[in-house]
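Each value in this text was obtained by applying a stated rule to the coordinates, not by laboratory testing. Source: prediction; values computed, not measured. Cβ coordinates were reconstructed from backbone atoms using ideal geometry, including for glycine residues, and neighbour counts include every protein chain displayed.
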Amino acid sequence: MEYRKLGRTELNVSTLGFGASPLGDVFGPVNPAAGERAVHLAIDHGINFFDVAPYYGPVLAEERLGKALLGRRTKVILASKCGRYGVDTFDYSPRRIRSSIEESLRRLHTDYLDLYQVHDVEFGSIEQIVGETLPTLWALQKEGKVRYVGITGYMLRMLMRVAEAASPDSILSYCRYNLLVDDLDRVLVPYAQERGIGVINASALHMGILSSHGAPEWHPAADEVRQAGIKASRYCREHGANLSQIALQFCFGYNKVATTLVGMRSMEEVRRNLRALATPLDPALLAKVRTILAPAFNMVWPSGLPANHDFRAASHRPSALRARRVSMRASSRRGGEER
């Protein structure tokens, strides 16, 4: 396992991070014992970065992860989030952040978090997040309940606006660097590198599109993106390959981020991800897959409050702006940051 420093922090995180949202049944029912075994196997193989949130389950993922980490807390770098608590439930107020950290610490059976992140900042106002939410997290840091402070979200320019005003330790974004999108590399990463902010990449599988089972019904991507994923998956299957493994290998090879989060809920998923991490990527196969996906490349969707949409953060063909509009309910609906 390779480890990389998370920005200016003292945290050295595994290049493969354990996304714990599946432990909260957000992608289907999980046997709690199987999930616990998956956590233990991941730790045994050097995965040390675990990311969760009260939104996943809701709260079930934190509860199950906390139980699995009993006796192993010192072996991991533990991250959770605050501010989002349901599909349409957001509260970035200082009072809620204060109660949220105490609830998360109890569920996770710990007295501190290594990284505490404001969840999906595009669903809040920049004024509140910069003026109230993040100062509350810094106060928690001074109190010893939080080691480092981060922000997460889908809208890159919104993340950069918050970072410009508040200078967090880390930024997590999802579906912005994988085989279908690369604007994280062109827009956010250079900005973060200049400022010593660690970057966490999530959703190497583009919330399921880059997989054999395809996108879930709630996926906010345009039909062109869905169809491109289906064609790429079919091509891989016909040639004895697996699109998910190629997508994971591609993201694991991107060394400008500290870690890539992948959702896991079973020992087999942990083993499969570890194999992808250890297996060289076939350049010819990658080139063919990227050609198939090219018509849908860099097509994004709006997320959060309309004032926080930022398509100007990357260059898009006119067709990209025709990606179907979706409500707040669709974006990140099922813990998709880690898929």
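Here is the list for the stretch 218-275: trypsin sites (Lys or Arg not before Pro) lying in DSSP coil, each with at most 16 other C-beta atoms within 10 angstrom of its C-beta, are LYS256. Considering only beta bridges that DSSP places wholly inside the chain, some 10 percent are antiparallel. The label-point distance for ARG95 and HIS45, in a model that sets each label 7 Å from Cα toward Cβ, rounds to 4.6 nm. The GluC sites (Glu not before Pro) of the stretch 186-251 that DSSP puts in a loop, and whose beta carbon has at most 13 other beta carbons within 10 Å, are GLU217.
With contributions of -39500 (n - 2.57) from each DSSP H run of at least four residues, the per-residue ellipticity at 222 nm computed over the chain stands at -10000 deg cm²/dmol. Treating r as the C-beta distance of THR291 and SER266 and R0 as 51 Å, the FRET efficiency rounds to 0.95. The value of relative contact order for the stretch 161-216, using C-alpha pairs under 8 Å at least six residues apart, is 39 percent.
Between the residues TYR148, GLY7, GLY229, the greatest Cα displacement towards the positive end of the dipole of the chain, with unit charges on the Cβ of Lys, Arg, Asp and Glu, is found for GLY229. Potential lengthening of the chain between GLU143 and ARG275 amounts to 43.5 nm, from the contour at 0.36 nm per residue minus the alpha-carbon distance.
How would the stretch 1-113 be classified by its alpha-carbon gyration tensor: rounded, prolate or oblate, with rounded meaning a/c under 1.5 and the a/b versus b/c comparison settling the rest? Oblate shape, in that a/c is at least 1.5 and b/c is the bigger or equal ratio. Taking every DSSP beta bridge that has both ends in the stretch 1-118, the antiparallel portion is near 30%. Extension gain for LYS67-ALA33 works out to 11.2 nm (0.36 nm per residue, less the C-alpha to C-alpha distance). Using the Cβ-Cβ distance between ASP111 and LEU305 with R0 = 41 Å, the FRET efficiency computed as 1/(1 + (r/R0)^6) comes to roughly 0.75. Rounded to the nearest whole Hz, the Karplus-based 3J(HN,Hα) values (6.51 cos²θ - 1.76 cosθ + 1.60, θ = phi - 60°) of the stretch 7-12 follow the sequence x, 8, 6, 9, 8, 9, with x at glycine and proline. Quick check on my link table: of LYS5/LYS231; LYS81/LYS288; LYS5/LYS288; LYS81/LYS231; LYS145/LYS256; LYS5/LYS75, which ones sit more than 27 Å apart, alpha carbon to alpha carbon? Listed pairs above 27 Å: LYS5/LYS231; LYS81/LYS288; LYS5/LYS288; LYS81/LYS231; LYS145/LYS256.
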